[in-house]
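Rule-based calculations on the coordinates, nothing more; no lab input. Predicted model, so just to flag it, every value in this text is computed and none were measured. Virtual Cβ from ideal backbone geometry, glycine too; neighbours counted across all protein chains shown.
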Amino acid sequence: MVKNVGIVGVTGAVGQEMLACLEKRNFPVDELRVMASARSAGKKVAFRGKELTIIEATTSSFGGLDIVLMAVEADQSKEFSPAAVMAGAVVVDNSSAFRMDPEVPLVVPEVNPETAKVRPKGIIANPNCSTIIMNVPVWPLHKAKTAKRVIVSTYQAASGAGKPAMEELENTTKAWAKGEPIKTAVFPYQLCMNLFSHNSGIGPDGYNSEETKMTLETRKIFGAPDMMIAATCVRVPVLRAHCEAITVEFEKPITPDEAREILSSAPGVKILDDRKANRSPQPLDATGLDEVFVGRIREDVSLPGRGLMLFVAGDQILKGAALNAVQIAELL
Ligand SMILES: NC(=O)c1ccc[n+]([C@@H]2O[C@H](COP(=O)([O-])OP(=O)(O)OC[C@H]3O[C@@H](n4cnc5c(N)ncnc54)[C@H](OP(=O)(O)O)[C@@H]3O)[C@@H](O)[C@H]2O)c1
């Protein structure tokens with residue numbers, strides 16, 4: 001059925017890709033309403049060969065829309081999402097505003113699509129990008145062999161912090177190449193030629209909020225409240241696509257060959273694991289593509305027979321955000 005769709009934050013890293021995903025996937029759109037801040041009102045974006053004019057998003061911008069894809073920060077989503085629901089739309093929200101609300105489903109379509117049907121608040125949350133990229137390959141392994149414990153380290157691209165962060169990495173890299181002084185405004189530290197612990201705040205337990213999101217959101221998505229999950233999240237000087245080193249302990253015995261077999265038919269997964277050529281997933285492999293690339297599939301030698309190690313790469317603006325949101329809209 002054809003829908004009236006709104007995108008809030010259409011000028012941002014995620015919003016731009018939402019527009020591209022709707023077009024590429026032939027999403028049945030009647031009206032597409034494109035919204036951003038007052039700064040962008042009047043600017044144009046292209047969709048299916050037509051120019052659309054961006055309007056300023058306000059709480060009264062949502063009348064007549066069936067689905068609103070929200071690609072703004074959590075504070076703005078808290079203001080706009082309830083207003084869009086009041087106006088009759090279902091909201092798919094990319095921010096962290098509602099993810100852990102028990103009345104809001106948190107959906108990765110390859111994992112828990114059925115949960116999208118029950119949405120008492122009219123809002124469906126899109127998980128954190130690192131969470132989605134981990135969940136897509138770990139879920140089929142968990143279904144087959146019951147994951148007990150997951151230890152993950154991330155290598156996260158600048159674009160995870162939005163368009164201004166991408167621009168800062170590009171500009172500081174150019175400045176570095178010219179020997180000019182490096183100035184940062186988006187990130188707290190120089191990212192070019194460097195890396196640092198994820199730039200989200202550190203809680204009293206010593207974990208930054210990105211790490212805590214990976215633990216809590218995965219438990220909610222998998223319906224596994226007791227799963228032991230611990231993350232270390234790091235920002236690296238990559239423009240786009242996150243990588244993750246994932247170690248999983250299973251209840252049932254598992255071998256790398258069995259894991260390869262399971263992953264070879266798992267939705268949203270592509271295996272890239274050429275041991276002879278020492279070729280495994282890189283951010284550039286995943287950039288602009290829908291799948292999560294999985295490689296370095298090997299036994300955890302510290303846990304023979306029950307432990308597995310993987311290295312994955314996924315485009316966090318696509319599968320980690322815009323694509324996942326459009327897939328949720330397709331479920332509707
Ligand atoms: N980037 C990722 O990889 C990623 C992954 C998963 C989830 N997310 C989440 O997705 C959301 C968007 O992130 P992003 O990376 O796309 O950020 P971004 O590139 O900084 O874009 C932010 C968008 O929000 C709009 N905006 C700002 N203030 C607004 C206001 N008062 N009213 C309406 N629109 C406003 C901006 O419009 P103007 O251009 O007019 O300022 C822009 O379109 C965030 O919640 C983020 O945490 C991002």
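A few points about this structure:
- In the stretch 66-75, the count of residues that are more than 18 Å from the chain's Cα centre (by Cα), among the hydrophobic types (A, V, I, L, M, F, W, C), surrounded by 14 or more Cβ atoms within 10 Å (Cβ to Cβ) and more than 16 Å from the ligand (Cβ to nearest atom) is one or more.
- Hits in the stretch 125-150 - residues which are assigned to a helix (DSSP H, G or I) and polar (S, T, N, Q): S130, T131, N135
- Among residues that are within 16 Å of the ligand (Cβ to nearest atom) and not polar (S, T, N, Q), K276 is not included.
- Filtered residue count, the stretch 283-294, keeping only those that are among the acidic types (D, E) and either surrounded by fewer than 17 Cβ atoms within 10 Å (Cβ to Cβ) or in a loop (DSSP other than H, G, I, E, B) (or both): 2
- When V292, V326, V312 are checked against the criterion of being touching a Lys or Arg at 6+ places or on another chain (Cβ under 7 Å), of a type in the set (V, I, T), within 16 Å of the ligand (Cβ to nearest atom) and closer than 24 Å to T146 by Cα, a single residue qualifies: V292.
- Just one of the listed residues (K50, K24, K3) is closer than 25 Å to M166 by Cβ and more than 8 Å from the ligand (Cβ to nearest atom), and it is K24.
- Condition met for V91 (within 14 Å of the ligand (Cβ to nearest atom), touching a strand residue (DSSP E or B) at 6+ places or on another chain (Cβ under 9 Å) and either in contact (Cβ under 8 Å) with a residue 60 or more places away in the chain or under 22 Å from E330 (Cα atoms) (or both)): yes
- Here E114 meets the list (1) closer than 24 Å to S264 by Cα; (2) under 22 Å from the mean Cα position of the chain (by Cα); (3) touching a residue at least 60 places away in the same chain (Cβ under 8 Å) almost entirely, failing just condition (3).
- Yes/no for K78 being under 20 Å from I328 (Cα atoms), basic (K, R), within 15 Å of the ligand (Cβ to nearest atom) and free of Cβ contacts under 8 Å to residues at least 24 places away in the same chain: yes
- Conditions (1) closer than 19 Å to V136 by Cβ; (2) buried (at least 19 other Cβ atoms within 10 Å of the Cβ): number failed by R235: (1)
- Of the candidates I297, I317, the single residue that is surrounded by 18 or more Cβ atoms within 10 Å (Cβ to Cβ) and farther than 28 Å from A13 by Cβ is I297.
Conditions (1) outside any strand (DSSP E or B); (2) touching a residue at least 12 places away in the same chain (Cβ under 8 Å); (3) of a type in the set (D, E, K, R), marked per residue:
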{"site": "I262", "(1), (2), (3)": "yes, yes, no"}
{"site": "P281", "(1), (2), (3)": "yes, yes, no"}
{"site": "R296", "(1), (2), (3)": "no, yes, yes"}
{"site": "G305", "(1), (2), (3)": "yes, yes, no"}
{"site": "A313", "(1), (2), (3)": "no, yes, no"}
{"site": "A329", "(1), (2), (3)": "yes, yes, no"}
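- Listed conditions (1) of a type in the set (G, A, S); (2) touching a Lys or Arg at 6+ places or on another chain (Cβ under 6 Å); (3) without any contact (Cβ under 8 Å) to a residue 40 or more places away in the chain are all met by A165, apart from (2).
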